[in-house]
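What follows is a set of notes on a single structure, which appears directly below.
The values are calculated or read from the model by the stated rules, or taken from the named source; none is laboratory data. Because the structure is a prediction, the values reported are computed rather than measured. As a convention, Cβ positions derive from the backbone with ideal geometry for all residues, glycine included, and neighbour counts pool all protein chains shown.
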Amino acid sequence: DTAVSQTPKYLVTQMGNDKSIKCEQNLGHDTMYWYKQDSKKFLKIMFSYNNKELIINETVPNRFSPKSPDKAHLNLHINSLELGDSAVYFCASSQGGLAGGREQYFGPGTRLTVT
Amino acid sequence: AQKVTQAQTEISVVEKEDVTLDCVYETRDTTYYLFWYKQPPSGELVFLIRRNSFDEQNEISGRYSWNFQKSTSSFNFTITASQVVDSAVYFCALSEAPLYGNNRLAFGKGNQVVVIP
């Protein structure tokens, strides 16, 4: 059973288009994240949701909008795609709680190529 | 602000040699968490270890071992008797004492390990 899944795995699209990436986790976690990995492999957090509530919103263009319909899903919608959006996008999940610092489990990544 | 430095970008070793990956972190918090992740050529990110700032015990898991030293703000990772399957990018990451549900990971730039058969 896949713990954190993302669809699609590859996404090739033209500048100006709108696209979505879906993420689902079956670990029963209450916190989900989106990270972006650039061409130099640098990983940076974009958003996090806890129990469907937005917790972290890094300096990300407004063209990126996360949506969490329930605890197990966190989708990423991107409007007006630009060349610089080409990257690998990772979804992750963890169990929150006051203890904090929980390990995050990552999906397989979605490689987005904007032409 | 949290910061993680992995100075060695690419490290090549011959199979069966040991390799140590350095990770130096910066944080103003007294409670924080350190992690290592592996990213093999297939691209997924695999969790390896989590350590909290109050636990400085070294850890060994098979051929992997970790050395946490608060005095030098380092959390180094050693692969003993490396194998070709260890070829991957290894990321060190830091999470400061988070609020409820706010579990941001700050990653280092990664160490590309190439194990030569």
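Of the residues making up segment A:56-83, those that are away from chain B (no Cβ under 14 Å) and in contact with a strand residue (DSSP E or B) (Cβ under 8 Å, 6 or more places away or on another chain) number 16.
For segment A:27-34, the count of residues that are of a type in the set (D, E, K, R) and over 14 Å from the mean Cα position of the chain (by Cα) is nonzero.
Restricting attention to segment B:12-40, the residues that are loosely packed, with under 12 Cβ neighbours inside 10 Å and modelled with pLDDT under 95 add up to 2. Whether any residue in segment A:43-56 is without any contact (Cβ under 8 Å) to a residue 12 or more places away in the chain and either part of a loop (DSSP other than H, G, I, E, B) or not acidic (Asp, Glu) (or both) is what I want to check. No: zero hits. Within this structure, B:Glu26 fails the test of being in contact with a helix residue (DSSP H, G or I) (Cβ under 7 Å, 6 or more places away or on another chain), away from chain A (no Cβ under 11 Å) and either at positive phi or acidic (Asp, Glu) (or both).
In segment A:84-102, the residue that is farthest from the other protein chains (Cβ to nearest Cβ) out of those that are small (Gly, Ala, Ser) and under 12 Å from the mean Cα position of the chain (by Cα) is A:Ala87. Got at least one residue in segment B:84-100 being buried (at least 20 other Cβ atoms within 10 Å of the Cβ), part of a loop (DSSP other than H, G, I, E, B) and without any contact (Cβ under 8 Å) to a residue 40 or more places away in the chain? Yes - at least one qualifying residue is present in segment B:84-100. Quick check, is A:Pro66 in a loop (DSSP other than H, G, I, E, B), surrounded by 13 or more Cβ atoms within 10 Å (Cβ to Cβ) and either in contact (Cβ under 8 Å) with a residue 12 or more places away in the chain or not basic (Lys, Arg) (or both)? The answer is no for A:Pro66.
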